[in-house]
Structures are given as C-alpha cells and as structure tokens.
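Report on the structure given below.
The values are calculated or read from the model by the stated rules, or taken from the named source; none is laboratory data. All figures in this text were calculated on a predicted structure; none of them were measured in a lab. As a convention, Cβ positions derive from the backbone with ideal geometry for all residues, glycine included, and neighbour counts pool all protein chains shown.
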Amino acid sequence: MAEATSTQRLQLVEDWAADVAVFRGVPWGKAMMWIFLLSDTFIFSCFLTSYMTVRMTSAEAWPNPSEVFALEAFGVPVPLLLIAIMTFILISSSGTMAMAVNMGYRRKRVGAALLMVVTALFGASFVGMQAFEWYKLIVEEGVRPWGNPMGAAQFGSCFFMITGFHGLHVSAGVVYLLIVAYRVWRGRYEEKGYDIVEITGLYWHFVDLVWVFIFAFFYLW
Amino acid sequence: MAETGQQHPISIYFWIWGLLFVFSAASYMVDYAGFQGYLRWSLIIIFMMLKAGFIVAIFMHMRWERVALITAIMLPPGALLVLVCLMAWESDYTWETRIVYLGAEIAPEPLPPPSHH
C-alpha cells in the first residue's frame, strides 16, 4: 500500500517535470472539459457562498424551504415533493449517461446514441419541472427577487440566481447531448473513437453534481 | 486510433446508481423526519459528500485517472473553503452590526407556512 503511494507520488512529479504534455494518455478534449468544469465549480461556489453570506447576515427569518416547496399530494402537503422527484430524475439521467459512455467504448454506437437521448429526455423533464416550480413560486406565492411574503427579502434573488443558472446548464446540456447523440448515431466517431461520449458525460455528471450541493444547501438546510 | 478512454464493468455503474438513490432518499428523510440543529446539518453534509464523492470518483472516472490530473482538478477548489470561512466569519459580524446599530430585531421563529387557500 505504502509502495503504491510512493509510486504515484513519483508519477506525479515525473508527469509535471517531463517537459511534455502533462496529462499523459488523457485526450485533449477531456483535459479541457475538466478545466472548464473546474472554472464552473468556482462560479457555482461563488453563488452558494454569497447565498450563505446573505442568509447568515439577514436579521429577518429565512423562509422555511421545507414548507415553501411543499406540494399537496392526496390532500396532504408533502415537503419538497417536486424537488425530491427532480433529484431522482437527475440521478437517473446520470445513470443512463454512464451506460452511454460504456456503450460507446464498446463500439455499440446506436445503443450509446439511444442512451444519450434518454439522458436528454430526463434532463428536459427536469427543466420542465423547474419551470413549474418557478411558476408556482412567482405566480402563486408571490416570490420576487426583491421580496416575498414569507420572510427575508433576499430569498428570491438567491433562489432565482442559483436554480436559474443551474437550469441553464441543464438546458445547454440537453442540446449538447442531442447534438453529440445525433453524430454518434450517424457514425461520425467510428474512426476517431468514442472519447466524445465520455467528455459529454463529464459535463452531464457535473450538472448532477452541482444539484447535489444545491439540494443540500438551498432546499434541505 | 486506439481507445484511450475509461472502460469499466457496467455493474459498478448500477451499484453507484443504486447508492445515489439510497443517499438521496436518506437526505430527503432528514427533512421529512424534521431533524433540527447540528444533527440535521451534519447528516445533510455527510450524505451530500457521499453523493458528490461517488459521482466524481466513479461516474466521472476520477479514481482511475492519473495523479497529475486528479491533483490539478481536485486541489484548487480547496481555496473555496478559505472563501467560505472568511465570509462566514464576516457574516456573523455583519449580522451583529445590523442588530446593534440598525435596530433590526432578531427573528424569533420561522414564519408560518404560506397559505394555499
């Protein structure tokens, strides 16, 4: 075990010191996608940190998300019902995406394309539910970026910025998935190899990853 | 061209998929059961980190990447912890200032749920 760690440490030093491309064996597209995702991590973290700051400094009570986002099912309000469904949908889409990557590397391009389309459909339904959630909050509950009837005025701006930016990522991901799925289905990557499916997958899993943090910090906290 | 990508048995993805469902259900139950205070916050963080860890390590294949890539991507977000600590520290101060100088009143309890009728 200790030996493995020291080999890895050696490999790290050699990779960075070798005066050649550092990320050996990593396709360029993948390295660049990771670096893009790193920058996106910082953007989302800035949103979440400002949300934390605004919530901690507010002398007024923060609206209770468990109640704000409750939905009535069979006549009883169930806390966070829609959000829970959205969470499971996004996780499932990550599952089908992982399958698509696997199919791609096994050269089953029709299967990979189909699974990507399924992933995109999950994503589209997620955005649809989010649109419903926004509608409910704006029209029925009267939440605005500058105020709301439930408590601290900053609730609305945090909510719209964070979920809006995430929803934009999901929407862009749906388009991205459909374009790559179409190309995979047409056989465009037969010669080049199917790294592209893994790279698209990285973006998609990242969108799911961000939702994990939004779910924890905005909806559950 | 030879495949340079990540290929792993499909069963591992099904396992992680299932685990993510379990952790999500568990974190939802934290809210449903109405846990409060430090118990609630620590459970939320634990389930969140478990989910994030499995997504990055398995779905995004990070555990099979070379150390050079892992360190390049995983270390920089550590700087964010510094930002969070700084802002949390500053927030307490701002909040106290608002109470003391702006005559803001400490909110007693969260407001009652909005009426749907």
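A few remarks follow.
- Exclusive hit being touching a Lys or Arg at 6+ places or on another chain (Cβ under 6 Å) and facing chain B (nearest Cβ under 7 Å), set A:Ala84, A:Ala59: A:Ala59
- Hey, A:Ser45 in a helix (DSSP H, G or I) and in contact (Cβ under 8 Å) with a residue 12 or more places away in the chain or not: no
- Subset of the stretch A:13-52 (residues that are farther than 23 Å from B:Met62 by Cβ, facing chain B (nearest Cβ under 8 Å) and modelled with pLDDT under 95): none
- Inter-residue pairs, beta-carbon under 6 Å, first at the interface with chain B (Cβ under 8 Å from one of its Cβ atoms) and in the stretch A:90-109, second of a type in the set (Val, Ile, Thr) and surrounded by fewer than 24 Cβ atoms within 10 Å (Cβ to Cβ), 6+ apart: A:Asn102/B:Ile10
- Within the stretch A:163-195, considering residues that are at pLDDT below 95 and buried (at least 22 other Cβ atoms within 10 Å of the Cβ), the one farthest from the other protein chains (Cβ to nearest Cβ): A:Tyr194
- Where helices (runs of 4 or more DSSP H) fall wholly inside the stretch B:1-103, the ranges with 3 or more residues that are within 7 Å of another protein chain (Cβ to nearest Cβ), over 22 Å from A:Ser39 (Cβ atoms) and aliphatic (A, V, I, L, M) are B:10-32.
- The lone exception for A:Ala120 - which of (1) outside any helix (DSSP H, G or I); (2) crowded, with 16+ Cβ neighbours inside 10 Å it fails: (1)
- The requirement of being assigned to a helix (DSSP H, G or I) and in contact with an Asp or Glu (Cβ under 6 Å, 6 or more places away or on another chain) is fulfilled somewhere in the stretch A:83-100, by at least one residue.
- Residue in the stretch A:81-89 that is within 16 Å of the chain's Cα centre (by Cα), crowded, with 20+ Cβ neighbours inside 10 Å and within 30 Å of B:Trp95 (Cβ to Cβ) present: yes
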